[in-house]
Amino acid sequence: MQTDLADFIKDTPQGREADSILRKCVHCGFCSATCPTYQLLGDELDGPRGRIYLIKQVLEGAQATAKTQLHLDRCLTCRACETTCPSGVEYGRLVDIGRAIVDEQVGRSTGETIVRKVLRAIIPHTSRFTPLLKLGQLMRPLLFGALKRKVPPPAPASAWPVGAHMRKMLVLDGCVQPSLSPNTNAAAARVLDKLGITLVRAAPAGCCGAVSFHLNEQDEALDYMRRNIDAWWPHIEQGTEAIVMTASGCGAMVAEYGHLLANDPAYAEKAARVSALMKDISEVITAEKEILKALPPFASPLSPHRKVAFHPPCSLQHGLKMKGQVESLLTGLGFDLTPVPDAHLCCGSAGTYSILQPDLSQQLLKNKINALTSGAPAVIVTANIGCQAHLQSATGLPVMHWIEALDARLG
Ligand code: SF4
Ligand code: SF4
């Protein structure tokens with residue numbers, strides 16, 4: 001695609017990056033076939049090709065409008081289009097650049113600004129999110145309908161293994177996962193303990209920055225990233241093997257630290273090292289799977305946790321490009337995976353999307369639950385806390401991280 005970027009952007013790092021991405025797009029439209037919002041709305045401007053065209057127009061000097069903003073807001077940033085694109089168009093980076101400029105030109109209504117500020121003031125801060133969640137859980141018996149479904153019942157915290165191995169890896173607790181699903185990291189620690197690896201938490205590390213970044217507060221997000229790098233750096237200097245992510249949404253963000261902080265002289269090198277050390281928990285377990293294969297088989301075909309439907313989060317399959325990895329790992333370890341149609345499609349969680357675009361999010365959720373339950377699983381497993389909580393709000397089946405199912409299998 002030919003481009004002619006306007007003076008205000010063309011000589012900036014964002015302009016140069018956007019230009020090189022736009023030039024790769026040949027406007028073939030293959031990406032539309034796998035775009036969840038295009039499938040739901042049938043409007044070219046609610047698909048990747050149309051959004052790319054809108055962003056190009058703005059970068060070439062056209063004034064963005066509220067309509068431009070709406071079509072970009074409706075995008076889930078699921079990056080299914082990247083997986084489909086034969087030309088390697090990095091749509092996720094392009095839409096981040098486009099959104100920042102469109103928001104600057106169009107602005108937000110007072111109501112939207114308040115909602116976004118509240119989300120940024122609560123979600124990334126565990127010390128604020130946890131008491132609010134507990135309050136909601138106390139009030140749960142009085143709630144009804146959609147609100148009740150959005151407040152999950154309390155999840156018990158389970159024991160973290162004691163003792164230490166020579167092999168050590170860091171783990172990110174993140175922001176909402178410790179209160180919504182405290183068992184996830186404890187389960188990961190127990191499984192890795194059986195494999196001779198100690199999982200270490202670096203307390204000052206917290207939100208990976210994704211919430212602020214995708215709400216267009218990119219400077220705030222970069223500060224969260226620097227805070228995490230500072231928390232991890234002493235452990236990295238002591239030789240930690242990896243920084244393990246049990247939420248693929250955080251993993252996809254940490255994988256970008258090196259790129260996003262490349263122009264920060266104080267952090268560029270450290271950020272690149274952090275991104276290189278980031279591993280999704282499935283990568284760590286896959287590397288050790290021969291040890292796990294020696295396990296006795298499930299006691300019976302009806303064993304709890306045996307028959308599972310796996311929901312691969314977009315951040316795992318499209319962001320981290322780890323399509324099929326967890327599925328083959330679980331199958332190899334004796335789980336029965338039920339068939340799930342349209343596994344490439346987003347469940348509608350997508351960070352804060354379920355709050356900011358509730359109608360589209362609920363349609364995607366309904367379709368996803370139908371797909372996940374079509375093979376009659378006993379349990380739904382996934383790999384990202386946002387998807388886990390979103391799916392759990394719409395089904396009576398247990399929904400958990402797959403590492404919890406593996407932990408239960410190991411006893
Ligand atoms: S993003 Fe890729 S798949 Fe979509 S229109 Fe452009 S080149 Fe084609
Ligand atoms: S990121 Fe997802 S929703 Fe957005 S254009 Fe690409 S496929 Fe469509």
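The values are calculated or read from the model by the stated rules, or taken from the named source; none is laboratory data. As the structure is a prediction and not an experimental result, all values here were calculated from the model. Neighbour counts are summed over all protein chains in view; Cβ atoms, including those assigned to glycine, are modelled from backbone coordinates with ideal geometry.
For residues in the stretch 247-285 being in contact with a Ser or Thr (Cβ under 6 Å, 6 or more places away or on another chain) and under 17 Å from Arg227 (Cα atoms), which is surrounded by the most Cβ atoms within 10 Å (Cβ to Cβ)?
Per the stated criteria, the residue is Tyr257.
Can you name the residue in the stretch 111-160 that is in contact with a Ser or Thr (Cβ under 9 Å, 6 or more places away or on another chain) and among the small types (Gly, Ala, Ser) and, of all such residues, is surrounded by the most Cβ atoms within 10 Å (Cβ to Cβ)?
Among them, the one singled out is Ala155.
Within the stretch 104-116, count every residue that is within 26 Å of Gln363 (Cα to Cα) and assigned to a helix (DSSP H, G or I).
To start, the set of residues in the stretch 104-116 that are within 26 Å of Gln363 (Cα to Cα) comprises 108-109, 111-116.
Pick out the ones that are also assigned to a helix (DSSP H, G or I) and you get 111-116.
Final tally of qualifying residues: 6.
Counting only residues that are surrounded by fewer than 22 Cβ atoms within 10 Å (Cβ to Cβ) and within 14 Å of ligand 1 (Cβ to nearest atom), give me the helices (runs of 4 or more DSSP H) lying completely in the stretch 34-84 with at least 1 of them.
Once the helices (runs of 4 or more DSSP H) in the stretch 34-84 are filtered for at least 1 residues that are surrounded by fewer than 22 Cβ atoms within 10 Å (Cβ to Cβ) and within 14 Å of ligand 1 (Cβ to nearest atom), what remains is 48-59, 80-84.
Would you mention how many residues in the stretch 223-259 are without any contact (Cβ under 8 Å) to a residue 40 or more places away in the chain and among the hydrophobic types (A, V, I, L, M, F, W, C)?
Residues in the stretch 223-259 being without any contact (Cβ under 8 Å) to a residue 40 or more places away in the chain and among the hydrophobic types (A, V, I, L, M, F, W, C): 2 in total.
Do any residues in the stretch 96-109 that are under 14 Å from Ala18 (Cβ atoms) and at pLDDT 95 or above have Cβ atoms under 8 Å from those of residues that are surrounded by 16 or more Cβ atoms within 10 Å (Cβ to Cβ) and of a type in the set (Lys, Arg), where the two are at least six apart or on different chains, and which pairs are they?
Pairs that qualify, where the first residue is under 14 Å from Ala18 (Cβ atoms) and at pLDDT 95 or above and the partner is surrounded by 16 or more Cβ atoms within 10 Å (Cβ to Cβ) and of a type in the set (Lys, Arg), are Gly98/Arg51.
Looking at Lys194, Lys168, which one is of a type in the set (Lys, Arg) and modelled with pLDDT under 95?
When all the criteria are applied, what remains is Lys194.
Go through the stretch 324-364 and report how many residues are closer than 19 Å to Val308 by Cβ and assigned to a helix (DSSP H, G or I).
Summing the residues that are closer than 19 Å to Val308 by Cβ and assigned to a helix (DSSP H, G or I) in the stretch 324-364 gives 8.
Being closer than 28 Å to Thr184 by Cβ, part of a loop (DSSP other than H, G, I, E, B), of a type in the set (Gly, Ala, Ser) and touching a residue at least 12 places away in the same chain (Cβ under 8 Å) narrows it down to one residue among Gly163, Gly88, Gly92; which is it? Talk me through it step by step, then tell me what you get.
Numbers: Gly88 fails: closer than 28 Å to Thr184 by Cβ; Gly92 fails: part of a loop (DSSP other than H, G, I, E, B).
It is Gly163.
Please list, ordered by residue number, the helices (runs of 4 or more DSSP H) wholly in the stretch 212-312 having 3 or more residues that are on the phi < 0 side of the Ramachandran plot and hydrophobic (A, V, I, L, M, F, W, C). So that I can check it myself, show each step before the final result.
Values: elements: 218-237, 248-254, 257-260, 268-277, 281-287, 289-292.
Hits in the stretch 212-312: 218-237, 248-254, 268-277, 281-287.
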